[in-house]
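Have a look at the structure below, then the notes.
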Amino acid sequence: MTPGTPRALTAGIDVGTTHVKVGFFDERGGSVAAVRRATPRDLPALVAAVAQGLEECVERAGRAPAAIGIAGMAETGVPLDASGRALTPLLWWNDPRGAAEIAGLDLDARTLYARTGRWADAKAPLAKWLWLRGQAPEVLRSMRWWASVPDAVAYALTGVLRTHATLAARTLGYHVELGEYDAELLALAGLSGARLPAVQPAVEPVGGVVARISGVPPGTPVLIAGHDHAVGAWAAGIRRPGDVADSLGTAEAVIMPTAERPDPGAGPALGVTADPSLDGARTVLVGGLATSGAVVDWLLGLFAPAANATPATAPLGTSVTMATPAALAASAGAVGVGAGGGSGGDDVRGESGNGGYAALPGLLADVRLPTGIVVEPYLRGRMAPAPDRDRRMTWSGIAAGHGAGDLLAAAIEGTCLHTRWTLDELTALTGTAPQRLAVFGGQVRIPLWMQVKAAVSPVPVHVVRADDAVCAGAALIAGQAGGSLDDVPVLPAERLPPDPELQAAYLPLYDRFRTSARAPRRQEHA
């Protein structure tokens, strides 16, 4: 490189449940420019948001990207006609349509898990195809292609439709061991593999840019990096058995590579999916918590500071106005998207309805840990490690001296205790003791959350220091276009030393949490 020549930048795109993020990064994953917008509900608006994000990043960085990598939520997608036009708005992974249709197939759970690494539920695109076949057959007849959102964005940029195995695997129509679409499962919806994108490696470019995007030269290579959880974990260095990732956002996912696929009975019983790794060399187990950041988001929506108090400075003792019963019901129903979905890395900052994240530092400032309150953080059921769709949030140990900050901290403790439980169960399932836990996502910016995470974790916690690990990971993968995933740089991280006294204090609370979480609940408690 000639002295004074600017280093090449690569672009990362992360289409999440809450936000679509576009960023330019250097060769080590350092952020140079970034744009974030609410994720649109239809494909034309999504493509426009991505294009505008790329143009803004070019303007801020002062130069074009050398390549573009795309990651995002997997199950959300859209049917396209022969001209590439979207036939419907985006069909979201947390849309319940298709639940009755896929349940009506009465598929054998063990056989299905052995072939796909998952179970039958409405989240899967197969359920949406079954629903379309029964309720909107004209759409299914006109569908030339199905595209998950990363595939659809890449197609809009290049005119070429492809996908990655980590995305194809979540259709419930892909045989993960054979590495190909499952003709028998697709036939249940009247489809064939010819109507789904071809699968290719993450480092193989889909094609060059043909869309008109100011500042992005035609022909710029575009790559589909993969599913958001997989991309973030790979960029965090979680690539071999013994390493574990904790992807934090609206929902939370524990991601553990393993040398062998789990028994097809044990995996569903534990509520973990068995996905292909980003490089296809092994299996990655994923256990999700549906309402991680969403729990705090929900609580902040309930704790409205007293009239005219400044949210960022409201003291712990500030009186709290509770929402009306109707508002509580609406609030509880609006949060907590399904576990293991596409929200990995979605930032939780500023998402509460009352802008309450500005108040969080003040509310947590004087909290003493541990709070002594045990919270099961299940606003909308539990998927792993003991699936129970009817499980609901419970609180134990609240005393008169506890304030709003204590309740928020207790909810955070509950999510961390749940993640510890999931990690312990995954360790028992695989027989491989983890050596470290790489944590990334919006919650790493909340000091108390990381303090509890480090104290509760059975292994050292390494906090990934990146503005957006998934977006940066997609860009780093794009930087290896035509090369090897093994050469993708690992994002910088720092080990978070735990407080020994706090570690000891949480041990009995963890025992209380597991005892409570494992206990059957009577219906009236749900």
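The values are calculated or read from the model by the stated rules, or taken from the named source; none is laboratory data. Here the structure is a predicted model, which is why all the values come from computation and not from measurement. Please note: Cβ atoms are built from the backbone with ideal geometry, for glycine as well, and neighbour counts cover all protein chains shown.
Just checking, does region 501-516 include any residue being in contact with a helix residue (DSSP H, G or I) (Cβ under 8 Å, 6 or more places away or on another chain), among the polar types (S, T, N, Q) and either in a loop (DSSP other than H, G, I, E, B) or under 30 Å from Gly69 (Cβ atoms) (or both)? No, region 501-516 has no match at all. From the list Leu161, Leu132, Leu107, Leu140, the one residue that fits, being in contact with a helix residue (DSSP H, G or I) (Cβ under 9 Å, 6 or more places away or on another chain), assigned by TED's automatic domain parsing to the domain that holds Leu186 and free of Cβ contacts under 8 Å to residues at least 24 places away in the same chain, is Leu107. Against the definition (surrounded by 22 or more Cβ atoms within 10 Å (Cβ to Cβ) and at pLDDT 95 or above), how does Val203 come out, yes or no? Considered against the rule, which asks whether it is surrounded by 22 or more Cβ atoms within 10 Å (Cβ to Cβ) and at pLDDT 95 or above, Val203 comes out as yes. Just give me the residues in region 1-46 being modelled with pLDDT under 95 and touching a strand residue (DSSP E or B) at 6+ places or on another chain (Cβ under 6 Å), in sequence order. Within region 1-46, just His19 meets the criteria. From the list Ser516, Ser457, the lone residue that is surrounded by fewer than 22 Cβ atoms within 10 Å (Cβ to Cβ), among the hydroxyl-bearing types (Ser, Thr, Tyr) and in the same structural domain as Gly267 (by TED's automatic domain parsing) is Ser516.
For the condition in contact with a Pro (Cβ under 9 Å, 6 or more places away or on another chain), surrounded by fewer than 24 Cβ atoms within 10 Å (Cβ to Cβ) and at positive phi, what is the one hit in Gly219, Gly242?
Gly242
For region 461-497, residues that are at positive phi and touching a Pro at 6+ places or on another chain (Cβ under 6 Å) total 0.
Only one of Ala74, Ala82, Ala66 is aliphatic (A, V, I, L, M), assigned to a loop (DSSP other than H, G, I, E, B) and closer than 19 Å to Ile213 by Cα. Can you tell me which?
Within the list Ala74, Ala82, Ala66, the selection yields Ala66.
Filtering Leu437, Leu429, Leu502 for residues that are in contact (Cβ under 8 Å) with a residue 60 or more places away in the chain, closer than 27 Å to Tyr357 by Cα and buried (at least 16 other Cβ atoms within 10 Å of the Cβ) leaves a single hit, Leu437.
Can you name every residue in region 91-111 that is closer than 19 Å to Ala168 by Cα and either in contact with a Pro (Cβ under 8 Å, 6 or more places away or on another chain) or surrounded by fewer than 16 Cβ atoms within 10 Å (Cβ to Cβ) (or both)?
Leu91, Thr111 - these are the residues of region 91-111 that are closer than 19 Å to Ala168 by Cα and either in contact with a Pro (Cβ under 8 Å, 6 or more places away or on another chain) or surrounded by fewer than 16 Cβ atoms within 10 Å (Cβ to Cβ) (or both).
The helices (runs of 4 or more DSSP H) found wholly in region 393-489 and carrying at least 3 residues that are under 29 Å from Val374 (Cβ atoms) occupy 404-430, 447-456.
Pairs are defined by a Cβ separation below 7 Å, a sequence spacing of at least 6 or placement on different chains, a first member in region 453-470 that is in contact (Cβ under 8 Å) with a residue 60 or more places away in the chain and farther than 9 Å from Pro492 by Cα, and a second member that is of a type in the set (Val, Ile, Thr) and assigned to a helix (DSSP H, G or I); the pairs so defined are Val470/Val231. When each of Val58, Val32, Val50 is tested for being within 24 Å of the chain's Cα centre (by Cα) and surrounded by fewer than 24 Cβ atoms within 10 Å (Cβ to Cβ), the lone residue that passes is Val32.
I need a count of the residues in region 166-183 that are among the small types (Gly, Ala, Ser) and surrounded by fewer than 24 Cβ atoms within 10 Å (Cβ to Cβ).
Count: 2.
Pick from region 265-294 the residues that are at pLDDT 95 or above and of a type in the set (Val, Ile, Thr): which of them is surrounded by the fewest Cβ atoms within 10 Å (Cβ to Cβ)? Only one residue fits best here, namely Thr283.
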